[in-house]
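First up is the structure itself, then whatever we jot down about it.
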Ligand SMILES: Nc1ncnc2c1ncn2[C@@H]1O[C@H](COP(=O)(O)OP(=O)(O)OP(=O)(O)O)[C@@H](O)[C@H]1O
């Protein structure tokens with residue numbers, strides 16, 4: 001296996017607060033890698049640095065062998081590196097299916113086509129709709145496809161967010177606490193769908209999660225972040241048996 005994402009000696013401070021400290025991680029292509037650590041360890045900040053939301057103060061970030069340090073999020077999206085986002089307020093009054101159809105295409109829409117070739121646009125719309133129907137089936141939400149997204153349960157919204165990543169040609173998906181507030185049955189659906197996207201579609205996942213059960217079911221390897229640096233990397237069993245990790249993480253921050 002080779003690394004699809006490499007974070008090399010990255011640091012990031014907010015004012016006088018050093019949040020990420022000389023941090024290096026590798027995410028192997030085809031893996032479902034977990035990222036855990038106590039509250040405030042810098043997990044979300046590291047995600048924001050990888051996804052192009054923040055630029056690091058020093059160090060570099062590589063994707064598919066190319067330096068993407070400071071490349072903005074929308075460009076990374078076009079290259080298949082994306083993160084799930086909560087269904088925005090303005091989309092909650094649209095149906096689940098329409099939410100999938102609203103995911104922007106990876107290549108910019110051609111104005112020429114919109115103005116001069118309306119039949120092409122209609123054909124594209126039909127194609128997007130067909131894809132959205134396929135995706136909604138895949139994530140197990142076909143029975144609620146016409147429900148307003150705002151009326152879906154918390155877990156169904158998470159499945160819809162995962163579905164949105166399938167509307168584009170994703171390669172790496174960053175999942176930030178996707179299990180939060182999801183009931184156990186739907187959580188199993190989420191886990192199964194993530195595993196299917198990994199095995200059937202070749203998605204690589206980097207997963208921030210406080211739910212250790214989900215990490216144990218999904219992730220190998222697991223990276224432990226503490227005070228903005230990697231404390232340990234290994235299987236969940238190795239991590240759960242490590243004294244320093246237990247002290248830093250499980251000891252005072254068991255979720
Ligand atoms: N935009 C920002 N401006 C200033 N400080 C920030 C910003 N984003 C994060 N921080 C600070 O950086 C530190 C790390 O936050 P971060 O959200 O990355 O941690 P985390 O490991 O994801 O925590 P949690 O598990 O609680 O979500 C915190 O002290 C936080 O207050």
> By how many degrees, between 0 and 90 and to the nearest 10, does the Cα long axis of helix 118-138 differ from the longest principal axis of the chain?
Replying inline: 50 degrees
> Could you give the angle, 0 to 90 degrees to the nearest 10, between helix 184-201's Cα long axis and the longest principal axis of the Cα atoms of the chain?
Replying inline: 80 degrees
> How do 12, 171 line up, fewest other C-beta atoms within 10 Å first?
Replying inline: 171, 12
> Counting only DSSP beta bridges with both residues in the stretch 124-255, what percent are antiparallel, rounded to the nearest 5?
Replying inline: 50 percent
>> 7 Å from Cα along Cα→Cβ at both residue 125 and residue 67: what's the point-to-point distance in nm?
In response: 4.5 nm
> Over the chain, what is the percentage of antiparallel beta bridges among all DSSP beta bridges, to the nearest 5?
Replying inline: 60 percent
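Summing -39500 (n - 2.57) over the DSSP H runs of n ≥ 4 in the chain and dividing by its residue number, what mean residue ellipticity at 222 nm do you reach, to the nearest 500 deg cm²/dmol?
-10500 deg cm²/dmol
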>> How compact is the stretch 117-255 by the rule of thumb for globular proteins, expressed as Cα Rg over 2.2 N^0.38 Å?
In response: 1.27
> For the pair residue 183 and residue 24, how long in nm is the line joining their label points, each one 7 Å along Cα→Cβ?
Replying inline: 4.7 nm
> Can you give the angle from 0 to 90° between the axis of helix 154-165 and the longest principal axis of the chain, with both taken from C-alpha atoms, to the nearest 10?
Replying inline: 80 degrees
> Could you list log10 I(q)/I(0) for the chain at q = 0.07, 0.17 Å⁻¹, which the Debye formula gives when each Cα is one point scatterer?
Replying inline: -0.26, -1.34
>> Rg over Rh of the stretch 1-87, using C-alpha atoms and the Kirkwood radius, what does it come to?
In response: 0.94
> Quick one: Cα centre-to-centre distance for the stretch 35-107 and the stretch 187-207, in angstrom?
Replying inline: 17 Å
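Bear in mind that the values in this text are calculations on the coordinates, not laboratory data. For clarity, every value in this text was computed on a predicted model and none was experimentally measured. All Cβ positions, glycine included, derive from the backbone under ideal geometry; neighbour counts span all protein chains shown.
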